[in-house]
Structures are given as structure tokens and as C-alpha cells.
Amino acid sequence: MTFARVAGVGSFLPPNRVSNADLVDRGVDTNDEWIVTRTGIRARHLAEAGQTSSELAFEASRRALDMAGATADDIDLIIVATSTPDFVFPSTACLLQAKLGNKGAVAFDVQAVCSGFVYALTIAEKFIRSGSHKKALVVGAEVFSRILDWNDRGTCVLFGDGAGAVVLEASERPGLLATALHADGAHHGILSVPGNLCGGKVIGDPFLRMDGQAVFKFAVRVLADVAHECCELAKLAPAAIDWLIPHQANIRIIEATAKKMGLPMEKVVVTVDQHGNTSAASVPLALDAAVRDGRIRRGQKVMLEGVGGGFTWGAVLLEF
Ligand code: ACO
């Protein structure tokens, strides 16, 4: 039986680290206490002007390829999850492919906002298990700072920039054990960037808009539901999960999800305090952090979870 197994992970954060106090210094009408109490966020990294998602993706990919002992030429599938692509087209995956010097791999973007990485990993698994592809590069990369309204303190303090990558390869050893993806477009109004390009102009609103309380309630409900669904598919009790890596949006959402899963916070990887919400990059950034600091070890069971605009949500249960 062919499994899709994680061969390497990598991530990259732009060097510019911006604390809550730095935001106040920049003129945002907020304070550290409000942000920490409501969200758990203490800092985020912001890309320099002109630094693109494909550039962040390239750095994260190089690290993941190194850990996998692979070169760009070995990759036959590239999927980039992003809502902040470099261009309308071509895809950020094709731009990343050119930067890596890979030729001929299938390359495309996935747009599922903060669930994007979990969507992309699930798609890559299906390519690999079908036998058509052997080694995939799956990336979540975002420059959300570009779509924030810096005069809207209810949203601009929440997000950051970054990228995370995974090399997923065909293996006879277990890897991804179960996946579950969902969407319900009826909820598109509670989190969106409701603008587009037309005739050389932005039509509508180019900034992220959110009903925070509606998003909060929705996220807590579906993250717990989809994690349970994934456990049932894999015939594994939630207590057997070694590490839970939920989308890093807000510490209160993460804590509520862990509680509903019956998991102690010691089993939850948290990076939202240092990264903020990096949308599609949040899960692979957290995965990479916990692999590189030695918490996640080979053979352990890891649950990845995403939820985001659309609304979209999903989970991947894997044996690392
Ligand atoms: N600093 C200081 N005060 C603020 C700030 C800020 N940055 N933002 C809002 N406030 C004020 C408001 O103006 C309001 O003041 P008022 O009572 O005088 O009118 C007060 O704080 C309460 O505002 P609410 O929006 O009601 O605050 P709430 O308790 O709902 O917290 C938050 C807002 C943190 C966004 C919360 O709703 C939340 O965590 N929602 C989840 C959303 C989320 O995490 N989204 C991430 C993207 S979605 C995703 O990734 C799935």
C-alpha cells in the first residue's frame, strides 16, 4: 500500500518582527493588554515592501527540501496555498517553480484562505496515493499585511506574514492517516476581501473585513467537529493524538478546540503568540517549529487543522 509521508518540513518568517508595542508606535489605536487578552498575540513578522509570497515560499521550500534530502528536480508536484498571490496570474506555484529551477512538475495554487494548507496537503496526498506522482512540495505562503486596513484596529493587529512548506513523498510506511475537508459558502460574508480588479481599477473593497464574534463561534464549532471526524476515519481515539496543530488565529479558539477534543494544552503547538495569524502559512509554520525544536518526533500522531474564509475547514491526521 502506498502512503503519502512527510519527508521534510521548512518555514520562513520575514525578519521584520513587530511587537504589539511597535504597532502602537506606528499609530495603531490599540494596546498590548487588549491584544494579548483577546487573542494571545504578542508579535508578528511583516514582509518588506515588495517582498512577495513566492519569495517567502522559496525560502521555506529550500529548508523543507534540505530536511527531505531532496532537490528541486526530484519534485513532480508543487501546490501553493495562498490568498495573497504575487499576481492575478500566473500562479504563485509557477513563480515558485521558476525560483527553484524545477521544470515540468505540475504546479498550481489552492485558494481556501486559512484552510489552504490543509486543503493543499489533502490534494497532494490524493495525487501520491493514486500513483501518478511521487514527491510533492506543499506550501502555505502569505503576505496578509498587504490586504489589511491599518486604520481598522479590529483586524490589523491579528495577522502576520510568513511561509511554511512540506515535502510529501510516496512511501510504504504510514504517513497521512485520514483527511477531511469541508466548505459552506453561505458564510462568505463574515470574513472576506470583497474587491476585485476591473478595467485597471480595484472594484469594491481591497481590505480584509471580518465579523470577529461570528468567526470565533464558527471556528470553535467546526474545528472540534472536523478533528473528531478525522479520528473516526482513522479509527483512533482523540487521546491517542500526540500533537494538535490547529490554525493559529487566536489562543482562545485554540484552547476551546483542545478542550472539546479532551486534549491538554501540553499537546497543542502554539505559535500565534509570536506569528499572529498567517492564514495558509500558520499550520506549516507551527509544524516546522515543533519538528525543529524536537517536540514532534518520527512515529508520533499529529492532527493539523484549518479554518478560514469561505467558510472552509478541514483536518489532516498524520503519522510523522
Ligand atoms: N485594540 C483596542 N481595542 C480594540 C481593538 C484593538 N485592536 N479592536 C477592537 N477594539 C475595541 C472595539 O472598538 C470595542 O470597543 P467598544 O466596546 O468601545 O465599542 C471593543 O474593543 C470590543 O470589540 P469587539 O470586536 O466586540 O471585540 P471582541 O471581544 O469580539 O474581540 C476579536 C475581537 C479578538 C477579533 C474576537 O472577536 C475574535 O477573536 N474573533 C475571532 C476572529 C479571528 O480570530 N479571526 C482571524 C481570522 S479568521 C480565521 O483565521 C479563521
- Message: Within region 257-282, take every residue that is away from the ligand (no atom under 11 Å from the Cβ) and among the aliphatic types (A, V, I, L, M) and give me the one that is surrounded by the most Cβ atoms within 10 Å (Cβ to Cβ).
- Response: 281
- Among the numbered conditions (1) more than 19 Å from residue 311 (Cβ to Cβ); (2) modelled with pLDDT of 95 or more, tell me where residue 173 comes up short. (2)
- Message: Among the residues in region 93-102, are any within 30 Å of residue 206 (Cα to Cα), of a type in the set (Lys, Arg) and either within 16 Å of the ligand (Cβ to nearest atom) or not in a loop (DSSP other than H, G, I, E, B) (or both)?
- Response: yes
- Given the conditions (1) assigned to a strand (DSSP E or B); (2) within 16 Å of the ligand (Cβ to nearest atom), report the number of the one that residue 303 does not fulfil. (2)
- Residue check: is residue 202 touching a Phe, Trp or Tyr at 6+ places or on another chain (Cβ under 9 Å), assigned by TED's automatic domain parsing to the domain that holds residue 285 and under 30 Å from residue 45 (Cβ atoms)? no
- Checking 191, 197, 158, 148 in turn, the sole residue that is touching a residue at least 24 places away in the same chain (Cβ under 8 Å), outside the structural domain of residue 100 (by TED's automatic domain parsing) and within 16 Å of the ligand (Cβ to nearest atom) turns out to be 191
- Pick from region 114-127 the residues that are of a type in the set (A, V, I, L, M, F, W, C) and crowded, with 23+ Cβ neighbours inside 10 Å: which of them is nearest to residue 311 (Cα to Cα)? 114
- Note on the structure: Scanning region 39-84 for residues that are touching a residue at least 12 places away in the same chain (Cβ under 8 Å), part of a loop (DSSP other than H, G, I, E, B) and among the β-branched types (Val, Ile, Thr) gives 41, 52, 75, 82, 84
- Task: Could you list, in sequence order, all residues of region 161-184 that are within 15 Å of the ligand (Cβ to nearest atom) and not in a strand (DSSP E or B)?
- Result: 184
- Note on the structure: Counting only residues in region 39-57 that are away from the ligand (no atom under 13 Å from the Cβ) and of a type in the set (A, V, I, L, M), the one nearest to residue 77 (Cα to Cα) is identified as 57
- Selection status of residue 81, at pLDDT 95 or above, within 23 Å of residue 152 (Cβ to Cβ), under 17 Å from the mean Cα position of the chain (by Cα) and outside the structural domain of residue 223 (by TED's automatic domain parsing): no
- Item | Filter result for the condition that a residue is among the β-branched types (Val, Ile, Thr) and within 9 Å of the ligand (Cβ to nearest atom), over 28, 18, 36, 9 | 28
- Note on the structure: In region 200-226, anything within 16 Å of the ligand (Cβ to nearest atom) and of a type in the set (Lys, Arg) is listed as 209, 217, 221
- Task: Can you give me the number of residues within region 136-150 that are over 16 Å from residue 21 (Cα atoms) and outside any strand (DSSP E or B)?
- Result: 6
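The values are calculated or read from the model by the stated rules, or taken from the named source; none is laboratory data. Since this is a predicted model, take the numbers as computed values, not measurements. Neighbour counts run over all protein chains shown; Cβ positions are idealised from the backbone, glycine included.
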